[in-house]
Amino acid sequence: MKVTVGPAQYIRDKGLLEVAGTYIKNFGKTAALIGGHTSSEIIEVSLKKSLEDHGVFLEHSTWYGGESSQTNIDRLVDKLKDENIDVLIVTGGGKAIDTVKAVAYQLNKPLVAIPTIAATCAAATPISILYSDEGEFIGIERKSKAPDLVLVDSEIIMKAPVRFLIAGIGDTLAKYFETRSSVKKATPTALNQTAIAIAGQVYKTLLQIGEEAVTSVRTQTVTKELEDVIDTIILVSGSVSGYGGDDCRTAGAHAVYSGLTIFPEVHHTYHGEIVAFGILAQLCMENTSEDEIKALIGYYQQVELPYTLKQMGLINLSESQWNKLGEITVTIEDMANMPFEVTPEMVIEAVRRADQIGNMMLSPSAVN
């Protein structure tokens, strides 16, 4: 049995970037920084100074490519394979981190992740999610590695647009709903039962303090609630799949997310925002009561997660588009983790019902 629970080390603190070199120096003398344009701009000057203060030279600063695609992974591997680089440093969100986790695996290099947003648990998992160069979901890449070190500066997370944290809450809520479904197909073990317990605590934490964490970002104040939610999104939720493994994987909510990415209109909507709607669709597949779904939407309204197709840019899908959504969604690997067989017709019905309930919950001002 082999279990990768998460990163070897996770450190989170306000102002942590200023002392990043203290920790990164343990991996060697030369480094390459890979990330998004904005995230690299945010951290590069302070990171470079801290590295130099500890005898580490930043050899390269490179854009990851914009999508976690095989094209970008191959390009970065080819660019760095002959370079004298001791450690890779990735900064940004989930797609940047997933890209460089795959690169680090191929190059067999230590990896340090410095997330600049708390929108996914990518920094704490050993898998990468692959997309096409155009942003459509392709699959899960297991030739990837968990970071050796994750450095989270809570002040940097606080300064990011609040919508990223909201999306992170949406993505992390799915841990509870998907794990309790996917584990039904597994024989109970100490590991998967621990994963279920963690997922339940993740859900409880977000319900209790998610709104306060969002308020902290809006008021630009680092609070205990914000730091607890950051840890929950990035680290704790990642340990659910770490302990649970294939018994506690993503399921219907992420399959619906992946299916919806076939529509270019949703590409402006963040991963966790679409996953949040996917949770509602999964609950509909499971014949969850309307009252329970409405209660969850009530929480979505508090933290401003989307709960209708229109809120994600999808209006008046044609019958052919609905059919394509159903057909694509059931082929997604995540859907096989549901404890019953899902047909295209079930997907279409569930998405339509979730959208219908969501529209019932819209305020009069939102309808106009």
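With a 1.4 Å probe rolled over the protein heavy atoms of all chains, the accessible area of 191, 309 falls in the order 191, 309, largest first. The alpha-carbon of residue 185 sits under 18 angstrom from the alpha-carbons of these lysines, leaving out residues fewer than 8 places away in its chain: 175. Indicate the gyration tensor shape class of region 1-106 (rounded, prolate or oblate), computed on the Cα atoms with a ≥ b ≥ c the square roots of the eigenvalues: a/c under 1.5 is rounded; otherwise a/b larger than b/c is prolate and the rest oblate. Rounded shape, in that the Cα axes give a/c under 1.5. Between the C-alpha center of region 315-339 and that of region 2-71 there is a gap of 38 Å. For residue 63, the solvent-accessible surface with a 1.4 Å probe is about 110 Å², rounded to the nearest 10.
Summarising the label geometry, the points placed 7 Å from Cα in the beta-carbon direction at residue 63 and residue 352 lie 4.3 nm from one another.
Extension gain for the segment residue 290 to residue 45, taken as residue separation times 0.36 nm less the Cα-Cα distance, is 83.1 nm to one decimal.
Which residues make up the longest stretch of the chain clear of GluC sites (Glu not before Pro) that lie in a DSSP loop with no more than 10 other Cβ atoms within 10 Å, not counting the sites?
Numbers: sites that count: 134, 341.
Maximal segment without exposed cleavage sites: 135-340.
Full extension of the chain segment joining residue 220 with residue 204 gains 3.3 nm, where the gain is 0.36 nm per residue of separation less the Cα-Cα distance.
Going by the alpha-carbon gyration tensor, a ≥ b ≥ c the square roots of its eigenvalues, is region 228-368 rounded (a/c under 1.5) or, if a/c is not under 1.5, prolate (a/b greater than b/c) versus oblate? Please list the in-between numbers first.
Values: a/c = 1.56, a/b = 1.13, b/c = 1.38.
Because a/c hits 1.5 or more and a/b fails to exceed b/c, region 228-368 counts as oblate.
The share of C-alpha pairs in the chain whose separation exceeds 28 Å stands at 42 percent.
For residue 112, the solvent-accessible surface with a 1.4 Å probe is about 0 Å², rounded to the nearest 10.
Stretch residue 79-residue 132 to full length: gain in nm at 0.36 nm per residue minus the Cα-Cα span? All intermediate terms of the calculation are to be shown ahead of the outcome.
Details: separation 53, 0.36 × 53 = 19.08 nm, distance 2.01 nm.
17.1 nm is the gain from fully extending residue 79 to residue 132.
Pairs from the list 204/224; 25/49; 81/109; 25/143; 49/101; 25/48 with a Cα-Cα gap above 19 Å: 25/143; 49/101. If a spin label sat at a point 7 angstrom from the Cα of residue 143 along the line to its beta carbon, the backbone N atoms of region 98-119 nearer than 19 Å would be those of 98-111.
Sorting 267, 54, 254 on solvent-accessible area from highest to lowest, probe radius 1.4 Å, gives 267, 54, 254.
Quick one: ranking 185, 79 by accessible area, 1.4 Å probe, largest first, what do you get? Don't skip to the end; give the middle numbers.
Values: 185 125, 79 90 Å².
Largest to smallest exposure gives the sequence 185, 79.
Using a cutoff of 8 angstrom between alpha carbon atoms and counting only pairs six or more residues apart, the relative contact order for the chain works out to 16 percent. Starting from the Cα of residue 26, step 7 Å along the direction of its Cβ; do the same at residue 345; then give the gap between the two resulting points in nm. Once both label points are built, they end up 5.7 nm from each other.
In this simple spin-label approximation, residue 324 and residue 13 carry label points 7 Å from Cα along the Cα→Cβ vector, and these lie 5.1 nm apart. Taking the Cα centre of the chain as reference, the dipole from Cβ charges on Lys and Arg (+1) and Asp and Glu (-1) amounts to some 580 debye. With respect to the chain, whose longest principal axis is taken over its alpha-carbon atoms, helix 37-53 is tilted by about 30°. In terms of its alpha-carbon gyration tensor, region 27-166 comes out oblate; a/c meets the 1.5 threshold, while b/c is at least as large as a/b.
The values are calculated or read from the model by the stated rules, or taken from the named source; none is laboratory data. Note that the structure is predicted; figures quoted are calculated from it, not measured. Because the Cβ atoms are built from the backbone with ideal geometry, glycine has one as well, and the counts that use them run over all protein chains shown. Note: areas computed on protein heavy atoms with side chains; ligands, DNA, RNA excluded. Shrake-Rupley method; radii C 1.70, N 1.55, O 1.52, S 1.80 Å.
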